[in-house]
Amino acid sequence: MSHADLIFQQNIREILNNGVWDTDQEVRPHWEDGTPAHTIKKFGIVNRYNLQEEFPILTLRRTYWKTALDELLWIWQKKSNNIHDLNAKIWDQWADETGSIGKAYGYQLGVKHHYPEGDMDQVDRVLYDLKHNPASRRIMTNIYNFQDLHEMHLYPCAYSMTFNVSGKTLNAILNQRSQDMLAANNWNVVQYALLVHMMAQVSGLVPGELVHVIADAHIYDRHVPIVEELISQTPTDAPTLTMDPSVTDFYAFDRNSFQLEGYTPASFQATIPIAI
């Protein structure tokens, strides 16, 4: 079975068995009908994915990984904060009449900063250091900019990446303040696993570990019966990720640069409501 499935099942059982409900508190999220969206949560879940062993995508249900990749490229390549640049509808509810989500996500990665080597944004600084300063312990990004939070239509959930090179292996830590475990957990894991693969390939490195640190790992009240059914599904083996080896420029990757061979997820058709 896929190790990503095992981790997900363990996380869900831990939250359901030992988590804390917030039903005695007022909460910001709500359902489409206006009902408060309460959660059961665990604080401080840390998961490790060895990208040399497998690509960490769920087989318990289908993760639409090409759409997840589109969002990743929208944020990290295009550095966009406008949904008109995104080939999906996943951000529509947070966009204004111009399509903007405010000074969030891609906007923050695209802001240029001054360095002795020249002016670079956060993504280009990472790419520069991986090639020129691989021993650095300062290779990271952070989009939780307090100065601009009031101009973000949604505060960043996955907000920081720390890259670390050991020999010729690229490892990374994804820090996340909040995680909707059913709707978004594997979505984010897939995205940032792909990012590590991309960064490694263009830097002459091999991908190693992705460590996912989640501060508030939660399951929404209306998701509980869905996740209980989901973790009872029979998982299959993890698929194999293949990448176009000719791509040596991070900005040359596109959705056709990647393929998953042998991805046979379980047929799971439950509709997942999204709290907003």
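Per the listing THR98, THR67, the residue uniquely of a type in the set (Ser, Thr, Tyr), open to solvent by 20 Å² or more (accessible area, probe 1.4 Å) and either within 25 Å of ILE272 (Cα to Cα) or not in a loop (DSSP other than H, G, I, E, B) (or both) is THR67. Scanning the range 176-192 for residues that are assigned to a strand (DSSP E or B), open to solvent by 20 Å² or more (accessible area, probe 1.4 Å) and not hydroxyl-bearing (Ser, Thr, Tyr) returns ARG177, ASP180. Could you please find all residues in the range 7-23 being within 21 Å of the chain's Cα centre (by Cα) and open to solvent by less than 60 Å² (accessible area, probe 1.4 Å)? Passing the criteria: ILE7, PHE8, GLN9, ASN11, ILE12, ILE15.
For the range 42-53, the count of residues that are out of contact with any His (no Cβ under 6 Å at 6 or more places or on another chain), in a loop (DSSP other than H, G, I, E, B), surrounded by fewer than 15 Cβ atoms within 10 Å (Cβ to Cβ) and not small (Gly, Ala, Ser) is at least one.
Look at GLY204 and say whether it is of a type outside the set (A, V, I, L, M) and either over 19 Å from the mean Cα position of the chain (by Cα) or closer than 16 Å to LEU109 by Cβ (or both). So GLY204 fits the description; yes. When ILE139, ILE173 are checked against the criterion of being in contact (Cβ under 8 Å) with a residue 24 or more places away in the chain and open to solvent by less than 30 Å² (accessible area, probe 1.4 Å), ILE139 stands alone in meeting it.
Of the strands (runs of 3 or more DSSP E) contained entirely in the range 193-276, those carrying at least 2 residues that are open to solvent by 20 Å² or more (accessible area, probe 1.4 Å) and without any contact (Cβ under 8 Å) to a residue 60 or more places away in the chain fall at 240-243, 258-261.
So in the range 24-41, with the set limited to residues that are in contact (Cβ under 8 Å) with a residue 60 or more places away in the chain and not aliphatic (A, V, I, L, M), which one is most open to solvent (accessible area, probe 1.4 Å)? Break it down into steps so the answer makes sense when it comes.
Initial filter on the range 24-41 (in contact (Cβ under 8 Å) with a residue 60 or more places away in the chain): 29-32, 37-41.
Now drop any that are not not aliphatic (A, V, I, L, M), which leaves 29-32, 38-39, 41.
Values: PRO29: 23, HIS30: 72, TRP31: 4, GLU32: 181, HIS38: 29, THR39: 15, LYS41: 81 Å².
The extreme case among them is GLU32.
The selection criterion, being touching a Leu at 6+ places or on another chain (Cβ under 7 Å) and surrounded by 18 or more Cβ atoms within 10 Å (Cβ to Cβ), does not hold for MET152.
For the range 70-87, name all the residues that are among the charged types (D, E, K, R), more than 13 Å from VAL190 (Cβ to Cβ) and buried (at least 19 other Cβ atoms within 10 Å of the Cβ). Steps first, please.
Narrowing the range 70-87 to residues among the charged types (D, E, K, R): 70-71, 78-79, 85.
Applying the additional criterion that residues be more than 13 Å from VAL190 (Cβ to Cβ) yields 78-79, 85.
Correct list: LYS79 only.
For the residues GLN93, GLN52, the requirement of being over 18 Å from the mean Cα position of the chain (by Cα), modelled with pLDDT under 95 and not hydrophobic (A, V, I, L, M, F, W, C) singles out GLN93. The number of residues in the range 1-22 being in contact (Cβ under 8 Å) with a residue 40 or more places away in the chain and either charged (D, E, K, R) or in a loop (DSSP other than H, G, I, E, B) (or both) comes to 5.
The values are calculated or read from the model by the stated rules, or taken from the named source; none is laboratory data. Owing to the predicted nature of the structure, the values given are computational and were not obtained by experimental measurement. We place every Cβ from the backbone using ideal geometry, glycine too, and count neighbours over all the protein chains shown. Only protein heavy atoms, including side chains, enter the accessible area calculation; ligands, DNA and RNA are left aside. Shrake-Rupley method; radii C 1.70, N 1.55, O 1.52, S 1.80 Å.
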